[in-house]
Structure formats: structure tokens, C-alpha cells
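*Asks:* Shown below is the structure under consideration.
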Amino acid sequence: MSIDKTIKDIQTSFNKEFSTIASASALEEIRVKFLGRKGLVNDLFEMFNQLPNAEKPKYGKSINILKTDITQAIEDKQASFQENTVTSSIDLSLPGIQLKRGSIHPLEAITSEIKSIFQSIGFSIAYGPEIDDEYHNFEALNVPKHHPARDMQDTYYIDPETVLRTHTSNVQIHLMEEQEPPLRHICVGRVFRNEAVSYKSYCLFNQVEGLVVNETTSFAQMKGTIEYFITELFGADTKMRFRPSYFPFTEPSAEVDIWNDKLQQWMEIMGCGMVNPKVFNNVGYPSNIKGYAFGMGIERIAMIKYGINDIRLFYQNDQRFLEQF
Ligand code: PHE
């Protein structure tokens, strides 16, 4: 075989094998095969020695070029393997970066639980304005100006006729103005009161308001609904009591307490009553219409249910608190 062809063959097979190298040990095998003492390049030099002197200069040059090319390619590759082993040395025993997961805010969790309990017994969900006129927040609910009942709730005024609603009862009025009976709704939302901030009161909180209106409902039906709600939320053996109370917009009115076993005391959780006929009159409903309403603070319920002792925790966004839910 001519030395010319042999040089070309070696170059071709080196290129082919070199292009598939994936490890330092494979590289070493190829180095031995081509550049080793008994390697293909040395064989070439032996063939070269047998050439007639006249041909030596011509082939000597191509053999040297071949040898330098192969040597260079192998050295470069060796260097790149070394670099890789330095940069890709991964310590699998190092602790990873902790990815923090969000969680559902306790108020959101309890609100959706409350909503689904009422939805399961046929209540629809309604929303109303947080900024409202005095008429919807007070007057239409039978709380005239200068009535002492206004002092039950410390109000934020935006202007002399506009307030941040102090309770979700304003939604009762909006609903009845917009829809004819029967109604069976709960309204969920924020309410605002200008109270001294402490562990038990905050300038804003959330309420759930219920309103049922038709021609036949009764105080007994209201009790049944509230009892069902409480046992669903707090458990079947929850002790509860209805205590006579006063709200301008309901008559008769009651407050509902549940027994807290840990604290050994009654906790008030909501107000309720039969809608005052004056309220029906204000929205133009006929006089044979009956209804009941109830309202509760969601934070208070969450505090009792989860054993939280400071209402301000709901609004501080402290991760140590939120992570517990
Ligand atoms: N609106 C009352 C409050 O905020 C609660 C309530 C609602 C009472 C409906 C009776 C009926 O204290």
C-alpha cells in the first residue's frame, strides 16, 4: 500500500474515532493507538525509513504534520476534560436551597369553609360595597342619626354622608332593593371600625352576614340554620346558647355563644334575629314578608377554632404565623 494512502487512512480514522470521545479514558486509548510506541504513527515512520531517499522529503513533511495535528487535538481534549472535572465537581451532600411554599391564609381558609357550609344548605353568595352611604349602613337598618345605637359601632366617615361600612348588614339593604323575595344569601366581606387596636379588636375585620326572606320563615328556622352551621364548623358536640339581645334591625334579637372547653367560658360568636318590619318597610317589601338575619366576625371564629389569641396576627404577614396553616 502506498504511504500516501496510509497517511490519509490514518488521518480519516483518527478524525472519526476522535469525534466520538466522551471520556478521559477513551481519549487515552486513542492516544495509545495513534501516538504510542507501537502506534499507527510510529508504524508510518518505519514505512518512511524504507522509502528511497529521493521520496523522503515529500512524505516526511506530511507525516510530521499528521503527528502534530493528532498530538495537538489530543492535548486540547485532555485539557478540556480537566477543566470539566474542576467545574462540574458537584458536592451532592451539600444542603439544597430551601424553596418556600406559600400557604392559604387562615382567614381565607375559614372563609371558604364557612361559605361552603352555607352553600350546602342553599345559600347564595352576595357582595356589597365597602364604602357606602349612611343610609345603607345605618338609616335603612333602623339606626337613625343621633340614635344611641350608632355608638355600638365607631364609624370611619369619608365625608358627612359616606362611611366605611361598619358591618355587612348594608348588603341586606342592597339585596332587598335589587331583588324581590324570596332571598337566601350570605354576604362576606371587610368591615371597618374606629376602635382602639388591641389583641381583641382591630380597625378592620371580616364578617359573614346571612339573610333569609320569604313568607313563612321563623325564629325556629333561624335557630336550626345556625345550629347546623355551628355543628358543621366546630363539631357535633359543640355546646351553644341563644341569649336575648338588641339590634335595631332585628326584632326579636339574640346573640349566640359557644362553649370553649379549653378556656372554660362562653364565647360570643354572632348576632341574629328576625328582620325588623321597619327594615322591610324601608325597602318597600309587603307586610306579609318575614325574614331572619345573622352576622358574625370571621377573625373571631378563626381565633376560637385555631386557638389564636391576638387578632392583629391576621394582618401582620408574619411568616412564622402564616406557615402554621
Ligand atoms: N350587624 C351586626 C354586627 O355587626 C350583626 C348582626 C347581623 C346582628 C345581622 C343581627 C343580624 O354586630
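*Asks:* Can you tell me which residue in the stretch 213-241 is farthest from ALA293 (Cα to Cα), limited to those that are of a type outside the set (Ser, Thr, Tyr), open to solvent by less than 20 Å² (accessible area, probe 1.4 Å) and within 16 Å of the ligand (Cβ to nearest atom)?
*Replies:* To start, the set of residues in the stretch 213-241 that are of a type outside the set (Ser, Thr, Tyr) comprises 213-215, 219-224, 226-227, 229-230, 232-237, 239-241.
Add one more test, that the residue is open to solvent by less than 20 Å² (accessible area, probe 1.4 Å), and what stays is 213, 222, 226, 229-230, 233.
From the residues that got through so far, the ones that are within 16 Å of the ligand (Cβ to nearest atom) too are 213, 222, 226, 229-230.
Details: VAL213: 9, MET222: 8, ILE226: 10, PHE229: 14, ILE230: 16 Å.
Only one residue fits best here, namely ILE230.
*Asks:* Please tell me if ASN317 is under 24 Å from VAL143 (Cβ atoms), more than 15 Å from the ligand (Cβ to nearest atom) and of a type outside the set (Val, Ile, Thr).
*Replies:* Values: under 24 Å from VAL143 (Cβ atoms): no; more than 15 Å from the ligand (Cβ to nearest atom): yes; of a type outside the set (Val, Ile, Thr): yes.
In short, no.
*Asks:* Sticking with this structure for a sec: I'm checking my understanding of the structure. Among residues of the stretch 248-300 that are within 13 Å of the ligand (Cβ to nearest atom) and of a type in the set (Val, Ile, Thr), which one is farthest from TYR199 (Cα to Cα)?
*Replies:* Filtering the stretch 248-300 for residues that are within 13 Å of the ligand (Cβ to nearest atom) and of a type in the set (Val, Ile, Thr), the one farthest from TYR199 (Cα to Cα) comes out as VAL279.
*Asks:* Just to be sure I understand the filter: pairs with C-beta atoms under 9 Å, separated by 6 or more residues or on different chains, first member in the stretch 242-268 and in the same structural domain as GLU139 (by TED's automatic domain parsing), second member more than 16 Å from the ligand (Cβ to nearest atom) and among the small types (Gly, Ala, Ser). Which pairs pass?
*Replies:* Pairs found: LYS262/GLY307.
*Asks:* State whether the residues of the stretch 192-212 include one that is of a type in the set (Lys, Arg), closer than 20 Å to TYR246 by Cα and within 12 Å of the ligand (Cβ to nearest atom).
*Replies:* Here is the first cut: in the stretch 192-212, the ones of a type in the set (Lys, Arg) are 193, 200.
Filter once more, so that each one left must be closer than 20 Å to TYR246 by Cα: 193.
Those left that are additionally within 12 Å of the ligand (Cβ to nearest atom): 193.
Yes.
*Asks:* Give the residue, chosen from TYR315, TYR292, that is closer than 22 Å to GLY189 by Cα, crowded, with 19+ Cβ neighbours inside 10 Å and either basic (Lys, Arg) or modelled with pLDDT of 95 or more (or both).
*Replies:* Numbers: TYR315 fails: crowded, with 19+ Cβ neighbours inside 10 Å.
Of the residues listed, the single one that is closer than 22 Å to GLY189 by Cα, crowded, with 19+ Cβ neighbours inside 10 Å and either basic (Lys, Arg) or modelled with pLDDT of 95 or more (or both) is TYR292.
*Asks:* Sticking with this structure for a sec: What residue, of LYS33, LYS38, is outside any helix (DSSP H, G or I), in contact with a helix residue (DSSP H, G or I) (Cβ under 9 Å, 6 or more places away or on another chain) and at pLDDT 90 or above?
*Replies:* Numbers: LYS33 fails: outside any helix (DSSP H, G or I).
Being outside any helix (DSSP H, G or I), in contact with a helix residue (DSSP H, G or I) (Cβ under 9 Å, 6 or more places away or on another chain) and at pLDDT 90 or above holds for just one of LYS33, LYS38, which is LYS38.
*Asks:* Here is a follow-up. Take the residues in the stretch 105-135 that are open to solvent by 50 Å² or more (accessible area, probe 1.4 Å), in a helix (DSSP H, G or I) and of a type outside the set (D, E, K, R); name whichever of them is nearest to GLY297 (Cα to Cα).
*Replies:* The residue in question is SER112.
*Asks:* Kindly evaluate ASN309 against the criterion of being outside any strand (DSSP E or B) and without any contact (Cβ under 8 Å) to a residue 12 or more places away in the chain. Steps first, please.
*Replies:* Details: outside any strand (DSSP E or B): yes; without any contact (Cβ under 8 Å) to a residue 12 or more places away in the chain: no.
No, not satisfied.
*Asks:* Restricted to the stretch 1-30, and to residues that are more than 60 Å from the chain's Cα centre (by Cα) and acidic (Asp, Glu), which residue is modelled with the highest pLDDT?
*Replies:* Quick first cut of the stretch 1-30, residues more than 60 Å from the chain's Cα centre (by Cα) only: 1-13.
From the residues that got through so far, the ones that are acidic (Asp, Glu) too are 4, 9.
On the way: ASP4: 86, ASP9: 92.
Of everything passing the filter in the stretch 1-30, ASP9 is modelled with the highest pLDDT.
*Asks:* Now for a different question. Considering every residue within the stretch 279-286, establish whether at least one is surrounded by 22 or more Cβ atoms within 10 Å (Cβ to Cβ) and either among the small types (Gly, Ala, Ser) or within 18 Å of THR166 (Cα to Cα) (or both).
*Replies:* If we filter the stretch 279-286 for residues that are surrounded by 22 or more Cβ atoms within 10 Å (Cβ to Cβ), which is where we start, we get 279.
Restricting the remaining residues to those that are either among the small types (Gly, Ala, Ser) or within 18 Å of THR166 (Cα to Cα) (or both) gives 279.
Within the stretch 279-286 (the criterion being surrounded by 22 or more Cβ atoms within 10 Å (Cβ to Cβ) and either among the small types (Gly, Ala, Ser) or within 18 Å of THR166 (Cα to Cα) (or both)), the answer is yes, since at least one residue qualifies.
*Asks:* Taking the stated definitions as given, is LYS145 away from the ligand (no atom under 16 Å from the Cβ) and in the same structural domain as ILE226 (by TED's automatic domain parsing)?
*Replies:* Numbers: away from the ligand (no atom under 16 Å from the Cβ): yes; in the same structural domain as ILE226 (by TED's automatic domain parsing): yes.
Yes; evaluated as a whole, the condition is true for this residue.
*Asks:* If you scan the stretch 150-195, which residues turn out to be in a loop (DSSP other than H, G, I, E, B), within 24 Å of GLU215 (Cβ to Cβ) and open to solvent by 70 Å² or more (accessible area, probe 1.4 Å)? Reasoning before the result, please.
*Replies:* Here is the first cut: in the stretch 150-195, the ones in a loop (DSSP other than H, G, I, E, B) are 153-156, 160-161, 165-169, 179-182, 193-195.
Within this subset, residues satisfying the condition of being within 24 Å of GLU215 (Cβ to Cβ) are 169, 179-182.
Across the stretch 150-195, the qualifying residues are GLN179, GLU180, PRO182.
*Asks:* Then there is this: Checking the conditions here, which among ILE117, ILE158, ILE121 is among the β-branched types (Val, Ile, Thr), closer than 21 Å to MET274 by Cβ and under 34 Å from the mean Cα position of the chain (by Cα)?
*Replies:* Values: ILE117 fails: closer than 21 Å to MET274 by Cβ; ILE158 fails: closer than 21 Å to MET274 by Cβ.
Exactly one residue qualifies, and that residue is ILE121.
*Asks:* Under 6 Å by Cβ, and 6 or more places apart or on different chains, what pairs join a residue from the stretch 97-124 that is of a type outside the set (A, V, I, L, M) with one that is assigned to a helix (DSSP H, G or I) and modelled with pLDDT of 95 or more?
*Replies:* PRO106/ALA302; THR111/ILE298
The values are calculated or read from the model by the stated rules, or taken from the named source; none is laboratory data. Everything quoted here is computed from the prediction, not taken from an experiment. All Cβ positions, even for glycine, are placed from backbone atoms using ideal geometry, and neighbour counts span all protein chains on display. Remember, those area values only see protein heavy atoms, side chains included, never the ligands or the DNA or RNA. Shrake-Rupley method; radii C 1.70, N 1.55, O 1.52, S 1.80 Å.
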